[in-house]
Structure formats: C-alpha cells, structure tokens
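Novice: Supplied in structure tokens, the structure appears directly below.
The values are calculated or read from the model by the stated rules, or taken from the named source; none is laboratory data. Owing to the predicted nature of the structure, the values given are computational and were not obtained by experimental measurement. Here the Cβ is made from the backbone with ideal geometry for all residues, glycine too, and neighbour counts use every protein chain on show. Surface areas here come from the heavy atoms of the whole protein model, side chains and all, with no ligands, DNA or RNA. Shrake-Rupley method; radii C 1.70, N 1.55, O 1.52, S 1.80 Å.
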Amino acid sequence: MTQHMFFFLPAISGETAPTIFSGDKPMTRTLSVALSGQDLLNHPFLNKGLAFSSEERDAFELHGLLPKAVQTLDQQVEAALKFLDALPSPFARHVHLRELQDTNETLFYALLTRKIDAMLPLVYTPTVGEACQRFSEIWRRPRGLFLSYPERESMEDILDNPAYDDVRVIVVTDGERILGLGDQGAGGMGIPIGKLSLYTTCAGISPDQTLPIVLDTGTNNQDLLQNPAYIGWRHERVRGAEYDAFIERFVTAVQTRWPHVALHWEDFSGANAAPILERYRDRLCTFNDDIQGTAAVTTAAILSANAAHDGKLKDETIVMLGAGSAGVGIAKLLLQVMLDEGASEEDALARFYMLDQDGLLLDGREGLTDGQALFARKDWKDRPTDFESVMRECKASILIGVSGVKGLFTETIVREMSKTCKRPIIFPLSNPTSHSEATPEDIMAWSDERALVSTGSPFPPLDLHGRTHRVDQTNNAYIFPGLGLCLLATGATRVTDSMFMAAARGLASLSPLRSNPDGNLLPPVTQLRKVALAVAEAAARQAREDGVCPSFSDDELLERIQSLVWTPEYCAYEKI
Ligand SMILES: O=C([O-])CC(=O)C(=O)O
Ligand SMILES: [Mg+2]
C-alpha cells in the first residue's frame with residue numbers, strides 16, 4: 001500500500017499521518033492534524049464543514065465557528081444537490097460547484113463521484129466553456145498557478161513553494177484555443193481545473209497531487225483586452241522565439257522541481273500544440289490531450305463500431321473535417337490501426353480525406369504541417385475540393401468533425417453519405433455543444449436512423465422507434481484520467497503512442513455494442529471510474545512492454561493502480 005504523507009502541510013504530522021490514499025474505507029482511518037480553528041476550516045482538503053463531530057469540535061477549537069448541527073457526508077451531499085437544483089442555470093451551478101471545490105473538496109468530489117452524469121456537464125464541457133469566457137467575473141480564490149510572461153524570472157521560485165511538494169500531475173494551458181471558443185487568455189484556467197477534477201472523479205487521483213497551470217502569455221482576444229475587469233496580463237500574445245523560450249523555461253523548471261511529474265498539455269493553438277509535443281515528448285513524461293487523448297477515444301469508438309459488424313477499418317473511407325492538431329492526431333492513430341490490420345501505408349493513406357476551411361488538403365499546398373502533409377491527397381488534381389463535392393465523390397463511411405464550427409454536417413451531407421452506406425459513422429466532435437457540427441437528432445433524421453452517432457459534448461437521449469437511446473460522448477475524458485492513473489502507478493518516464501492505442505483498445509473492450517446490437521459505442525459516463533481503471537491497466541501493460549517503466553508483474557501493476565485510488569470520504573481527525 002502506498003504510504004502517502006502530507007509533507008506539504010507543515011501543520012500535519014508527516015511521520016504518523018496514516019494514508020487516506022487507499023481503496024480502504026477512509027472513515028475507518030484517523031488522520032493526525034495540527035491545524036485548528038479557522039485554519040482548519042479554511043483548508044479545502046481538510047475542511048468537513050458541519051461534518052466535524054462534537055469531539056473534533058472540542059479538540060480543534062471549532063465551537064462557535066460552526067453552527068450546532070452535526071451532519072454526515074450523505075446529508076451534506078443531499079443538501080448540496082437540492083441547492084444546485086434550485087439554481088437558475090448551468091453556469092450558476094458551475095460557479096457554486098467551484099466554490100464547494102475551494103471550500104470542501106471531499107464534499108465536492110463526493111457529489112461528483114455519486115452524480116457524475118449530472119455533474120460532468122457542469123464542471124466540464126459544455127459549461128466550463130462559459131466559465132472560461134466569464135472567468136474574470138467568477139474568479140474568487142487562488143487555485144492553481146498563473147505563470148505570467150512578465151514574471152518569468154520568478155517562475156522557479158513560484159513552483160518552489162512547499163505547498164506543491166506532492167504534485168504528480170499538471171494540466172497546463174496557455175488559453176489560446178479553449179474548446180471551440182478560441183482565445184480566452186488567462187480565463188483558460190477553467191480548463192485545467194475542470195480536467196483535473198476529472199482525474200480525481202474518474203481515476204481517484206488525490207486532489208492534492210494535482211496542479212492546474214495557466215501560462216499567461218497574453219491574449220489576442222480584443223474583448224478581453226478591452227475589458228477593464230480582465231484578470232490576465234493585458235497584452236497581445238507573445239510569439240516566436242520569446243514564446244518558445246518561455247515554454248522551455250517552464251518545462252525545465254517543472255522537470256527540476258518534479259522529475260517524475262506527468263505533464264498534460266491542453267487547448268494550445270493548432271500552431272503550437274504539435275510542435276510542443278514533438279519537442280518534449282522524448283524529454284519527460286508528457287502528452288497532449290487534444291491530440292492524443294481525443295485520438296484514442298475516437299479510435300475506441302470506431303473500433304467498437306467496426307467490431308460490431310466484423311468489419312476492418314482498412315476497408316472504410318474516412319473524411320476528417322478539421323485538419324488541426326486533433327484531426328491529425330485522430331487520423332494518425334486510425335492509420336496505425338489500418339497498418340496493424342495488415343494494410344500497406346499507401347493503401348491506408350488512400351482511405352483518408354482531410355479538409356480544412358480551404359477544402360481538401362492537397363499534396364503541395366503551401367504551409368502544411370508535417371502531419372497534414374502526410375494525409376494530403378496526391379490524386380485529386382483538377383477536381384473540386386469543397387466539402388460537399390468531396391463527400392459526393394469519395395463515398396465516405398466515416399465522417400469526423402473537429403472543425404470547431406457549428407452546423408457543417410448539413411442535411412445534404414448526411415443524406416449523401418447515407419445513400420451508399422448502411423451504417424454511416426458520423427462523429428460531430430467539436431466542443432462545446434454550441435459548436436457541434438450537427439445535432440444527433442438531425443443526423444438520425446437525415447440518415448433514417450441508421451447512423452452511428454457520437455458527439456464531443458453531451459446531448460440529451462434520442463427517441464428511436466419509441467426506444468430511448470443514449471448519445472455517446474466521444475470525449476477525451478474516457479482516456480486521460482485512466483492514462484494519468486497509469487503514469488502515476490507505473491512511474492512511466494515517457495508516454496508512447498502505443499500506450500494510447502492500448503488505452504483505446506482497453507476502452508473499446510468495454511463497448512456495450514459488443515454484446516448488444518442496439519447498444520452504445522461507449523459505456524455511459526456513469527461508468528467512467530470503471531473505464532479509468534481499464535484504461536490505466538491496458539496502458540500500464542503497454543508501458544511495461546515499451547520499456548518506459550519497470551517490469552512489474554500483472555498483479556503488481558493492478559495493486560499499484562488500485563492503491564492510488566482516493567475515495568471522497570471523511571477521515572476521523574485526531575489532534576497532534
Ligand atoms: O475538453 C473537452 O471537452 C474536450 C477537449 O479537450 C476539447 O474540446 O478541447
Ligand atoms: Mg481540450
């Protein structure tokens with residue numbers, strides 16, 4: 001069992017503090033705590049609100065600070081749910097949940113783990129998008145770190161604070177491409193906070209081991225620059241060599257401070273995401289969720305669809321609408337599946353049509369990245385390259401949208417595809433919901449209910465022939481929490497592409513469609529905990545295979561994964 005100590009909290013005994021980071025029922029455990037009074041109540045990880053027992057109120061000088069009632073965690077969850085229900089909007093609920101997170105993390109995570117389907121759209125996409133856009137209005141208390149360009153000389157000192165001694169996972173953004181909402185500057189902080197809350201909710205990674213970071217390198221969002229209430233650095237974005245040097249300084253500082261940390265990059269612009277990943281993926285344990293996590297979950301959903309009709313991906317024709325880092329990442333992983341199925345690279349590449357706002361990517365087009373150039377068509381000279389024409393001519397069986405643009409999957413497109421394809425696979429993956437390329441309802445109507453649809457953001461269930469059908473959410477939340485758990489459990493030094501493939505196959509193995517022809521492609525979000533464990537195990541075995549972690553036995557891997565899982569329950573406290 002992992003012995004995890006609160007070294008970062010000088011007020012809590014490191015020597016005698018028993019672990020609460022195990023699968024055991026923490027309530028049977030006692031934590032030695034030195035904080036008392038206001039300091040204890042103000043500590044989000046230790047605060048229990050009204051759940052402090054009357055003995056604890058004696059021991060920790062809490063009388064008078066708390067009203068008389070003593071409540072259980074269950075009662076607190078009930079009360080919080082009732083309060084949330086009465087709030088007028090998802091945004092108001094998001095703000096209230098964030099306040100809970102900053103005042104009582106155990107209660108916050110108890111709510112999230114028990115009501116994940118209701119809470120996910122509030123703390124994560126789509127509501128987190130609005131939270132980023134309005135972050136300057138809702139910022140209350142410090143959570144995570146804002147590392148701004150003008151203060152770059154102090155970056156190492158900021159990270160040095162003992163409060164961060166136990167950090168093992170960092171999610172970092174520079175806020176330039178927040179979901180499909182573009183540049184949100186320092187408001188992008190909502191995303192690392194939201195992603196990390198899923199690391200804890202889905203994979204059980206203890207919140208005190210997580211750190212959200214914004215690299216505030218300015219913003220080109222004119223509304224923010226002109227908003228007197230903007231909380232970030234009011235300056236246009238730093239670019240080029242200065243930006244690269246800032247990123248380099250950050251990575252070096254992180255590596256020096258936490259040599260074994262897992263560094264997760266999120267929502268960087270297309271121009272920066274892939275080059276940053278390429279620069280650092282062989283230097284530390286790091287990955288880009290938009291490129292690799294999105295690729296893995298999409299691959300899992302497509303593998304599930306193929307397995308259901310004994311098909312092979314190498315026989316499908318894929319149109320990717322959106323040629324940014326997510327599109328290229330998905331295409332690369334799907335290409336690998338075809339190669340694994342025995343296709344030649346030439347034949348496999350011929351199955352892909354990748355488009356951006358200027359139409360089909362053609363060989364020789366100026367300004368293509370290496371990833372885009374790989375998928376650029378060589379055989380399309382003098383033919384129309386617009387989306388509709390390409391769809392008409394190529395007879396796609398799989399259509400994936402990562403364009404960030406609402407409504408691009410039109411009735412004409414979907415009907416055209418459905419003419420030649422019995423079960424068209426149509427994934428409008430852009431986030432948040434308002435940017436989805438089509439609604440599942442429309443796609444089903446236009447395809448005579450034959451399409452296999454999956455979206456990036458949550459949508460309400462569909463009514464199919466009087467049967468309620470859950471809409472799959474092909475969101476990277478099915479991958480990154482489990483992958484993070486794998487990285488912490490194995491101590492992997494690198495994240496390989498084959499670990500993402502293994503994660504995708506691990507997820508696909510849980511597809512309900514395997515056992516039920518009317519089933520979904522992916523398990524419901526209520527099973528995200530089970531999913532994270534399966535993904536962690538599959539990726540961990542692959543990490544061992546790839547030699548990026550010690551050669552643990554299967555039992556050891558499982559034991560290490562399970563021993564990390566933190567459960568949101570209160571411990572009993574005793575005074576040091
Ligand atoms: O956060 C999400 O919902 C998925 C994602 O990474 C993105 O859209 O950038
Ligand atoms: Mg993202």
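Novice: From the list Glu78, Glu55, Glu137, exactly one residue is over 28 Å from Val33 (Cβ atoms), of a type in the set (Asp, Glu), out of contact with any Lys or Arg (no Cβ under 8 Å at 6 or more places or on another chain) and open to solvent by 70 Å² or more (accessible area, probe 1.4 Å). Which is it? Please lay out each step first, then the result.
Specialist: Details: Glu78 fails: over 28 Å from Val33 (Cβ atoms); Glu55 fails: over 28 Å from Val33 (Cβ atoms).
On inspection, the qualifying residue turns out to be Glu137.
Novice: In addition: Is it fair to say Ser434 is hydroxyl-bearing (Ser, Thr, Tyr), within 16 Å of ligand 1 (Cβ to nearest atom) and in a helix (DSSP H, G or I)? Let's see the steps before the verdict.
Specialist: Working: hydroxyl-bearing (Ser, Thr, Tyr): yes; within 16 Å of ligand 1 (Cβ to nearest atom): yes; in a helix (DSSP H, G or I): yes.
When the stated conditions are applied, Ser434 passes them.
Novice: Restricting to the range 110-132, count the residues that are open to solvent by less than 20 Å² (accessible area, probe 1.4 Å) and within 16 Å of ligand 2 (Cβ to nearest atom).
Specialist: 9
Novice: Also, quick follow-up: Gly194 fails exactly one of the following numbered conditions: (1) open to solvent by less than 20 Å² (accessible area, probe 1.4 Å); (2) in a helix (DSSP H, G or I); (3) small (Gly, Ala, Ser); (4) out of contact with any helix residue (DSSP H, G or I) (no Cβ under 6 Å at 6 or more places or on another chain). What is the number of that condition?
Specialist: All conditions are met except number (4).
Novice: While we're on this one: Restricting the range 140-191 to residues that are assigned to a helix (DSSP H, G or I) and within 18 Å of the chain's Cα centre (by Cα), which is nearest to ligand 2 (Cβ to nearest atom)? Before the answer, list the steps.
Specialist: Of the residues in the range 140-191, the ones assigned to a helix (DSSP H, G or I) are 149-159, 162-164, 185-191.
Going one step further and asking which of them are within 18 Å of the chain's Cα centre (by Cα), we end up with 187-191.
On the way: Gly187: 14, Gly188: 10, Met189: 13, Gly190: 11, Ile191: 6 Å.
Looking at the filtered set, the residue picked out is Ile191.
Novice: Check whether at least one residue in the range 189-202 is without any contact (Cβ under 8 Å) to a residue 24 or more places away in the chain, touching a Lys or Arg at 6+ places or on another chain (Cβ under 9 Å) and among the aliphatic types (A, V, I, L, M), and report yes or no. Spell out how you get there, then give the answer.
Specialist: Narrowing the range 189-202 to residues without any contact (Cβ under 8 Å) to a residue 24 or more places away in the chain: none.
No, the range 189-202 contains no residue that is without any contact (Cβ under 8 Å) to a residue 24 or more places away in the chain, touching a Lys or Arg at 6+ places or on another chain (Cβ under 9 Å) and among the aliphatic types (A, V, I, L, M).
Novice: Right, something else. Does the range 264-277 contain at least one residue that is within 17 Å of Thr493 (Cβ to Cβ) and away from ligand 2 (no atom under 15 Å from the Cβ)?
Specialist: The answer is no; no qualifying residue exists.
Novice: Then there's this: Go through the range 453-479 residue by residue and tally those that are closer than 20 Å to Ser403 by Cβ, among the β-branched types (Val, Ile, Thr) and either within 13 Å of ligand 1 (Cβ to nearest atom) or part of a loop (DSSP other than H, G, I, E, B) (or both). Steps first, answer last, please.
Specialist: So the first thing to find is which residues in the range 453-479 are closer than 20 Å to Ser403 by Cβ, and the list is 453-459, 471-476.
Next, only the ones that are among the β-branched types (Val, Ile, Thr) stay: 453, 455, 471, 474.
Going one step further and asking which of them are either within 13 Å of ligand 1 (Cβ to nearest atom) or part of a loop (DSSP other than H, G, I, E, B) (or both), we end up with 455, 471, 474.
Matching residues across the range 453-479 total 3.
Novice: Further, regarding this structure: Within the range 208-233, which residues are free of Cβ contacts under 8 Å to residues at least 60 places away in the same chain and of a type in the set (D, E, K, R)?
Specialist: The answer is Asp223, and nothing else.
Novice: Please count how many residues of the range 492-535 are within 20 Å of Phe427 (Cβ to Cβ), touching a residue at least 40 places away in the same chain (Cβ under 8 Å) and open to solvent by 40 Å² or more (accessible area, probe 1.4 Å).
Specialist: 4
Novice: With respect to Phe108, determine if the residue is among the aromatic types (Phe, Trp, Tyr) and over 30 Å from Phe459 (Cα atoms). Working first, answer last.
Specialist: Details: among the aromatic types (Phe, Trp, Tyr): yes; over 30 Å from Phe459 (Cα atoms): no.
Taking the combined requirement at face value, the residue does not satisfy it.
Novice: From the list Leu145, Leu179, which one is in contact with a strand residue (DSSP E or B) (Cβ under 7 Å, 6 or more places away or on another chain) and buried (at least 18 other Cβ atoms within 10 Å of the Cβ)? Talk me through it step by step, then tell me what you get.
Specialist: Numbers: Leu179 fails: in contact with a strand residue (DSSP E or B) (Cβ under 7 Å, 6 or more places away or on another chain).
None of the others qualify; the one that does is Leu145.
Novice: Let me ask something else. If I ask for residues that are polar (S, T, N, Q) and open to solvent by 40 Å² or more (accessible area, probe 1.4 Å), which ones from the range 404-432 would you list?
Specialist: Taking the range 404-432 first, the residues polar (S, T, N, Q) are 410, 412, 418, 420, 430-431.
Residues satisfying the conditions are Thr410, Thr412, Thr420.
Novice: Next question. Does the range 216-228 contain any residue that is buried (at least 20 other Cβ atoms within 10 Å of the Cβ), within 16 Å of ligand 1 (Cβ to nearest atom) and among the hydroxyl-bearing types (Ser, Thr, Tyr)? Working first, answer last.
Specialist: Pass one, the range 216-228, residues buried (at least 20 other Cβ atoms within 10 Å of the Cβ): 216-219, 221, 224.
Still in the list and also within 16 Å of ligand 1 (Cβ to nearest atom): none.
Among the residues of the range 216-228, not one is buried (at least 20 other Cβ atoms within 10 Å of the Cβ), within 16 Å of ligand 1 (Cβ to nearest atom) and among the hydroxyl-bearing types (Ser, Thr, Tyr), which makes the answer no.
Novice: Could you check, for the range 116-127, whether at least one of its residues is within 16 Å of ligand 1 (Cβ to nearest atom) and touching a Lys or Arg at 6+ places or on another chain (Cβ under 7 Å)?
Specialist: Step one: filter the range 116-127 for residues within 16 Å of ligand 1 (Cβ to nearest atom), giving 116-117, 119-127.
With touching a Lys or Arg at 6+ places or on another chain (Cβ under 7 Å) added as a condition, the list becomes 122.
Yes, the range 116-127 contains at least one residue that is within 16 Å of ligand 1 (Cβ to nearest atom) and touching a Lys or Arg at 6+ places or on another chain (Cβ under 7 Å).
Novice: Go through (1) of a type outside the set (Val, Ile, Thr); (2) more than 25 Å from Pro142 (Cα to Cα); (3) in contact with a Pro (Cβ under 9 Å, 6 or more places away or on another chain); (4) in contact (Cβ under 8 Å) with a residue 24 or more places away in the chain for Ala274 and report which single condition fails.
Specialist: Every listed condition holds for Ala274 apart from (3).
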